[in-house]
Amino acid sequence: KILRERGFRHVRLPIAAESVMARFTPTATIGARRQAIGLALDRLAALGFAVVVDLHGGDRLNELFRRDPDGGRDAVIEAWRVLGPSVEARAGRGVAAEVLNEPPLDDAAWAAMQPVIVAAMRREMPTTSFVVSTGGPQRVERLTAATPIADANTVYAVHYYDPMIFTHQGADWLRPDPIAALAGVPFPIRVGDPRLATLAAAARAKGERKVSALLDGLADRAFDVAEIERHMRALGDWSRATGRPVVIGEFGVYRAHAAAADRVGWLAAVRRAAEANCLGWTHWDYRDGFGMIDGRTGEPDDAVLSALVGPRTTTPAPRS
């Protein structure tokens with residue numbers, strides 16, 4: 001309700017994929033899960049939100065894809081047989097279906113598999129819009145090199161976290177990647193940035209050779225608003241050339257170790273550049289490590305919300 005009052009227009013609702021797959025979850029539990037999802041969709045629709053139902057795979061599904069890609073494909077189709085009727089019944093209220101978050105396959109394998117899954121989903125959901133993607137981390141350069149699938153009622157999603165040395169600094173789950181040991185990386189990053197040199201020296205003094213090498217490798221590189229704008233223009237060009245809408249399906253900054261002002265500046269830059277190129281966007285996430293709501297107090301982070309939808313006004317200015 002807070003977000004709707006601030007002007008947000010849609011919610012991306014991640015569903016743990018394994019929770020609606022019979023090979024991982026008892027049938028009775030799946031039935032209760034489906035009912036709960038339907039209630040959530042109705043509550044969000046009552047607030048005036050469009051909703052993207054995002055099938056969000058976990059470790060067990062990823063392992064299935066690794067061992068048996070065809071089994072992973074069939075599990076995804078099975079999940080949409082469970083979810084499809086609830087989504088299709090609400091398609092007229094702005095509910096869409098996201099095929100699979102960050103598919104655990106390379107681009108070529110996913111490009112061959114995704115049309116098969118989409119065709120099966122279309123039998124369950126003839127009027128629903130589908131959110132589709134490239135494989136793996138859904139990066140910008142992978143989409144701009146891709147050919148759209150035949151199903152025209154689709155929106156392509158990319159995830160945007162560049163540069164990860166800034167957006168994911170201190171993210172423990174990335175270990176042993178040296179990004180997990182970082183704190184204080186600024187945005188924008190400039191060539192010869194003395195702040196990075198100071199961080200590299202501190203890492204060397206602590207014997208963190210991989211961290212210092214990572215930071216030293218950035219000495220002749222820059223990443224600023226202009227780089228974000230270049231990426232968003234490339235997506236806009238691809239969208240116009242192919243006639244397929246594109247959404248930044250995830251973007252955000254892990255807040256534990258980034259300076260608050262730099263985080264807000266990066267978010268505002270991505271949002272502005274996306275909108276300038278007619279790209280939709282969805283912030284990741286709501287209240288966890290990347291959240292725009294304080295996970296401890298439940299209070300909104302006003303600076304982050306202002307970066308995304310503008311300052312609070314008496315009458316919210318909705319955005320797509």
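Annotations
- Residue within the stretch 47-65 that is under 18 Å from ASN153 (Cα atoms) and of a type in the set (D, E, K, R) present: yes
- Candidate set: the stretch 91-107, residues that are hydrophobic (A, V, I, L, M, F, W, C) and under 21 Å from the mean Cα position of the chain (by Cα); chosen: the one surrounded by the most Cβ atoms within 10 Å (Cβ to Cβ): LEU100
- Residue check for ALA241: open to solvent by 40 Å² or more (accessible area, probe 1.4 Å), outside any loop (DSSP other than H, G, I, E, B) and of a type in the set (A, V, I, L, M): yes
- Selection count, the stretch 278-317, where residues are more than 18 Å from the chain's Cα centre (by Cα) and not charged (D, E, K, R): 13
- The condition (being out of contact with any Lys or Arg (no Cβ under 9 Å at 6 or more places or on another chain) and either at pLDDT below 95 or under 27 Å from LEU105 (Cα atoms) (or both)) is satisfied by just one residue among ASP54, ASP68: ASP68.
- Annotation note: Cβ proximity below 9 Å between a residue of the stretch 298-310 that is at negative phi and at pLDDT 90 or above and a residue that is hydroxyl-bearing (Ser, Thr, Tyr) and open to solvent by less than 10 Å² (accessible area, probe 1.4 Å) (sequence gap 6+ or interchain) occurs for no pair.
- Residue in the stretch 216-236 that is most open to solvent (accessible area, probe 1.4 Å), counting only those that are farther than 16 Å from ASP162 by Cβ and in contact (Cβ under 8 Å) with a residue 24 or more places away in the chain: ASP220
- The requirement of being surrounded by 23 or more Cβ atoms within 10 Å (Cβ to Cβ), touching a residue at least 40 places away in the same chain (Cβ under 8 Å) and not in a loop (DSSP other than H, G, I, E, B) is fulfilled somewhere in the stretch 125-136, by at least one residue.
- Here ILE293 passes the criteria (1) modelled with pLDDT of 95 or more; (2) closer than 21 Å to HIS56 by Cβ; (3) touching a strand residue (DSSP E or B) at 6+ places or on another chain (Cβ under 7 Å) except the one numbered (1).
- Among the residues making up the stretch 26-63, those that are among the small types (Gly, Ala, Ser), touching a residue at least 40 places away in the same chain (Cβ under 8 Å) and at negative phi are GLY38, ALA45, ALA50, GLY57, GLY58.
- Flag if ARG263 is modelled with pLDDT of 95 or more, surrounded by fewer than 17 Cβ atoms within 10 Å (Cβ to Cβ) and assigned to a helix (DSSP H, G or I): no
The values are calculated or read from the model by the stated rules, or taken from the named source; none is laboratory data. Quick caveat, the model's predicted, so the values are computed rather than measured. Every residue, glycine among them, receives a Cβ derived from its backbone with ideal geometry; neighbour counts consider all protein chains shown. Surface areas here come from the heavy atoms of the whole protein model, side chains and all, with no ligands, DNA or RNA. Shrake-Rupley method; radii C 1.70, N 1.55, O 1.52, S 1.80 Å.
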